[in-house]
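Asker: Following this message is one structure expressed as structure tokens.
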Amino acid sequence: MTTLHDVTLIPGDGIGPEITRTTLDILEAAGAPIIWRECIGGVTAMETVGEPLPQATLESIEATGVALKGPLTTPIGSGFRSVNVALRKHFDLFANVRPAVTILPAARYPDVDLVIVRENTEGLYAGIEHFIGMENDPRAIAESVMLITRYGSQRIVRFAFEYALAHGRRLVTLVHKANILKYTQGLFLEVGREVAAEYEGRVEFDDKIVDATAMQLALDPYRFDVIVTENMFGDILSDQVAGLIGGLGFAPGANLGERAAIFEAVHGSAPDIAGQGIANPTSLLLASCLMLDHLGEAPVAARVRAALQRTLDEGAARTRDLGGSAGTVEFGDAVIERMERPTS
Ligand code: NAD
């Protein structure tokens, strides 16, 4: 008998509900054995229940341990703090795994296949920031603290090495800025080297300064395999890497901790195209494949990836971000048409 998995579903804001609907239709066609527990978050939750991260949503993720999340809007500068960051903190989702694989035919960089492992709870995203007033200006100075701990550095670098071993990857590159930020980035590098020594002979290791990494990713992304880095560098580099493989529409992410796993698209809620039915659902669909792998449903994930690849290879449907004219639903239907039927 098939085991059914309980999964929390947060459709999200902006284009979230549109790409979520299509993703769910595709997963159903693939025979994904999932019972969805739908919850709200972000602006949608603010408007309906007056808080961006309702207790019911937290309780649902506590209970299921797994969530698929559409993008959530964060007001810029003022307003409520990022719900994405709050979720990472609440569930201590310390590892953000972002694979970047070229699946688009005729992409500028064919055959890219690398993974960014981003520390998800520390650095400049720790939320330690304040204004310092001077004379009549209460906001004369703004200060954000970059928090790096030995514990946090050890567990993310160890995670990257364990990931490399589990996925047959050969090289872990630690990315830092220890030449300038000698304390914070220096500690990250020092701890990274210590952890790397435990894996000597099993996984290769090198380290690189973040600015040089950004340039080398553009010149020769093939020299990278697994990149492990702190929070903000990981955020920026994963968007850069998404650009190499065809844009944010192709970049999924997994936020992993001991108690929960939340899967999402790397892109945001795209308010500029929300409600028009033209968003590319691929990133959320690929995130759902990572989720299926996590749930032990790799054959279902493989069916979805194969149908998606056939759709792209045949040029059967292309959304506007890829120069086509297909809408979100039309693209999803093309994937479903190319789905190998599940064996029951
Ligand atoms: P964005 O990723 O939403 O959009 C950047 C550009 O990419 C836009 O032109 C948009 O139209 C396009 N785009 C994004 N996803 C697309 C898709 N699936 N198909 C086609 N085009 C797509 O970034 P932004 O505009 O900086 O952020 C908008 C909101 O999303 C902000 O409130 C931000 O805080 C939030 N955000 C949320 C997450 C998340 O929930 N994980 C991540 C990033 C940004």
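Every number in this text was worked out from the coordinates using simple rules, so none of it is lab data. Just so it is clear, the structure is predicted and the values come from calculations on it, not from any experiment. Neighbour counts are summed over all protein chains in view; Cβ atoms, including those assigned to glycine, are modelled from backbone coordinates with ideal geometry.
Asker: Considering only DSSP beta bridges whose two residues both sit in the chain, what percent are antiparallel, to the nearest 5?
Answerer: Close to 45 percent.
Asker: On each of the three principal axes of the Cα atoms of segment 240-344, give max minus min coordinate, whole Å, ordered largest first.
Answerer: 40, 33, 27
Asker: Next up: Using the charge dipole of the chain (Lys, Arg: +1 at Cβ; Asp, Glu: -1 at Cβ; taken about the Cα centre), state which of F233, V43, Q55 has its Cα farthest towards the positive end.
Answerer: Among F233, V43, Q55, the one farthest towards the positive end of the dipole of the chain is F233.
Asker: With the dipole of the chain worked out from charges on the C-beta (+1 for Lys and Arg, -1 for Asp and Glu) around the Cα centre, which of G79, L181, Y125 lies farthest toward the positive end?
Answerer: So the residue furthest toward the plus end is L181.
Asker: Go through S144, A30, G324 and say which Cα lies farthest out towards the positive end of the charge dipole of the chain; charges sit on Cβ, +1 for Lys and Arg, -1 for Asp and Glu.
Answerer: Selected residue: A30.
Asker: Still on this model: For segment 274-287, what does the Karplus curve 6.51 cos²θ - 1.76 cosθ + 1.60, with θ = phi - 60°, yield as ³J(HN,Hα) per residue in whole Hz, taken in order and with x for Gly and Pro?
Answerer: Result, rounded to whole Hz: 4, x, 9, x, 10, 5, 7, x, 4, 4, 5, 5, 5, 5.
Asker: OK, next. Take A63, project a point 7 Å from its Cα along the Cβ direction, then tell me which residues of segment 26-56 have their backbone nitrogen under 14 Å from it.
Answerer: 35-40, 55-56
Asker: Separate question: Show me the GluC sites (Glu not before Pro) within segment 252-344 that DSSP assigns to loop and that have at most 15 other Cβ atoms within 10 Å of their Cβ.
Answerer: Answer in residue order: E258, E340.
Asker: Choose one answer from N231, N136, N280: the residue with the largest mean-square fluctuation in a GNM of the chain with alpha-carbon springs under 10 Å.
Answerer: Between N231, N136, N280, it is N136 that shows the largest mean-square fluctuation.
Asker: What is the gain in length, in nm to one decimal, between Q309 and R193 on full extension, counting 0.36 nm per residue of separation less the C-alpha to C-alpha distance?
Answerer: Going from the current span to full extension adds 37.9 nm.
Asker: Picking from I209, I40, I278, which is most flexible by a Gaussian network model of the chain using Cα springs under 10 Å?
Answerer: Comparing I209, I40, I278 in the GNM, the peak value goes to I209.
Asker: Further question on the same structure: Quick one: which residues, 5 or more positions from E122 or on another chain, have an amide H under 5 Å from its amide H? H modelled 1.01 Å from N in the peptide plane, none for Pro or chain starts.
Answerer: For E122, whose amide H was placed from the backbone, the distant partners under 5 Å are N231.
Asker: In whole angstrom, how far apart do the alpha carbon centroids of segment 27-46 and segment 183-248 sit?
Answerer: Cα centroid of segment 27-46 versus Cα centroid of segment 183-248: 32 Å apart.
Asker: So for segment 1-49, averaging the separation of alpha carbon pairs under 8 Å that are six or more residues apart and normalising by length, what relative contact order in percent results?
Answerer: Reported relative contact order: 58 percent.
Asker: If one computes P(r) from the Cα atoms of segment 11-89, what percent of pairs lie at distances over 17 Å?
Answerer: Taking all Cα-Cα pairs of segment 11-89, the fraction more than 17 Å apart is 48 percent.
Asker: Oh, and also: Please report, in debye to the nearest 20, how large the charge dipole of the chain is about its Cα centre when each Lys and Arg carries +1 at its beta carbon and each Asp and Glu carries -1 there.
Answerer: That gives a dipole near 400 debye.
Asker: Let me ask something additional. Can I get the semi-axes of the chain's equivalent ellipsoid? Compute them from the C-alpha gyration tensor as square roots of 5 times the eigenvalues, in angstrom, largest first.
Answerer: 32, 26, 20
Asker: Please give the Cα centre distance for segment 66-129 versus segment 267-289, rounded to the nearest Å.
Answerer: Segment 66-129 and segment 267-289 have Cα centres spaced 15 Å from each other.
Asker: On to the next question. Which of H90, H167, H267 has the fewest other C-beta atoms within 10 Å, and how do the rest follow up to the most?
Answerer: H167, H90, H267
Asker: Which residue, L72, L286, L87, has the most motion in a Gaussian network model of the chain that connects Cα atoms within less than 10 Å?
Answerer: Its mean-square fluctuation being the largest, the pick is L87.
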